[in-house]
Amino acid sequence: MGYIQAIVLAIIEGITEFLPVSSTGHMAIASAFFETASDPFTKLFEIVIQFGAILSVVVLYWKKFIQFKRLDFYIKLFIAIIPALAFGAVFKKHIDQALEKPIFISSILFLGGIVLLFVDNWFKAPVIDDEEKVNYKTSFFIGCYQVLAILLPGLSRSAATIIGGMQQKLTRSAAAEFSFFLAVPTMFAATAKSIYDIWNEEPALLNSDGITTLLIGSIIAFIVALIAIKFFISFLQKNGFRLFGWYRIILGLVLFILIYTGHLG
């Protein structure tokens with residue numbers, strides 16, 4: 001992987017990680033254009049820079065993450081991540097194969113967009129406006145929604161968990177913030193697992209150039225994500241999901257055309 005490709009993927013990741021448009025899907029499509037979708041290092045890179053972007057949550061919400069007297073905050077995240085850990089371990093091979101198929105990702109992008117057009121009308125009576133009011137049962141159910149994004153690459157982890165939060169009576173902004181918090185342990189686990197696998201299967205990929213590329217990508221994704229989070233929370237409070245739904249639908253249609261005409265394999 002060249003530095004230009006790494007920078008492009010990192011910018012895409014930073015912008016899309018917290019938006020309900022699927023950062024994984026966007027990077028997979030970009031990798032398909034670069035013709036590196038099946039490259040082991042590219043797969044590792046895409047996961048590691050996701051964790052880089054997620055670290056922006058720790059910086060922006062640092063007061064939450066260093067409240068060691070509030071053990072219930074960490075317990076909620078632990079409970080919420082259990083479904084993802086279980087299903088991720090079982091279906092990892094399925095996920096990797098799906099990410100190499102642009103037609104699968106474009107289909108999920110399109111269908112997910114249709115869902116986002118209507119989701120604001122489904123949950124109109126939220127009663128939970130802060131993470132401290134979220135109980136353990138609610139955390140677990142939100143974590144179950146995250147499994148949908150694992151099984152259907154292109155769905156968007158952010159969209160799935162935010163919708164899960166809204167279904168559990170959280171406001172849009174509270175659901176988005178809890179989704180951000182949940183992303184930290186989720187992507188930490190995914191990054192650790194990917195590095196462990198590469199270290200055992202193809203350790204040569206973690207040479208000095210590989211590590212440098214991972215660091216550059218992670219730093220860029222982190223900086224871009226800092227900006228994207230603030231934009232998303234503000235936009236979501238005022239406008240809801242409809243615009244993101246139309247974006248996904250249009251992107252899905254464009255990808256269908258590119259695949260049909262042979263410009264995207």
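The values are calculated or read from the model by the stated rules, or taken from the named source; none is laboratory data. Please read these numbers as outputs of a predicted model, since none were measured by experiment. Because the Cβ atoms are built from the backbone with ideal geometry, glycine has one as well, and the counts that use them run over all protein chains shown.
For region 35-45, which residues satisfy the criterion of being surrounded by 16 or more Cβ atoms within 10 Å (Cβ to Cβ) and at pLDDT below 85? Those that are surrounded by 16 or more Cβ atoms within 10 Å (Cβ to Cβ) and at pLDDT below 85: Thr36, Ala37, Phe41, Thr42, Lys43, Leu44. For region 131-154, the count of residues that are at pLDDT 85 or above, surrounded by fewer than 16 Cβ atoms within 10 Å (Cβ to Cβ) and part of a loop (DSSP other than H, G, I, E, B) is at least one. Filter region 158-185 down to the residues that are over 15 Å from the mean Cα position of the chain (by Cα) and farther than 12 Å from Thr138 by Cβ, then identify the one that is modelled with the highest pLDDT. Among residues in region 158-185 that are over 15 Å from the mean Cα position of the chain (by Cα) and farther than 12 Å from Thr138 by Cβ, the one modelled with the highest pLDDT is Thr171. Taken over region 209-265, the criterion of being polar (S, T, N, Q) and under 19 Å from Val119 (Cα atoms) is satisfied by Ser234, Gln237, Asn239. Of the residues examined, Lys76 is not one that is over 21 Å from Phe180 (Cβ atoms), of a type outside the set (A, V, I, L, M, F, W, C), out of contact with any Gly (no Cβ under 9 Å at 6 or more places or on another chain) and crowded, with 19+ Cβ neighbours inside 10 Å.
Taken over region 159-192, residues that are closer than 16 Å to Phe45 by Cβ, surrounded by fewer than 20 Cβ atoms within 10 Å (Cβ to Cβ) and touching a residue at least 40 places away in the same chain (Cβ under 8 Å) amount to 0. Tell me yes or no: at least one residue of region 17-36 is part of a loop (DSSP other than H, G, I, E, B) and out of contact with any helix residue (DSSP H, G or I) (no Cβ under 8 Å at 6 or more places or on another chain). The answer is yes, given that some residue of region 17-36 is part of a loop (DSSP other than H, G, I, E, B) and out of contact with any helix residue (DSSP H, G or I) (no Cβ under 8 Å at 6 or more places or on another chain).
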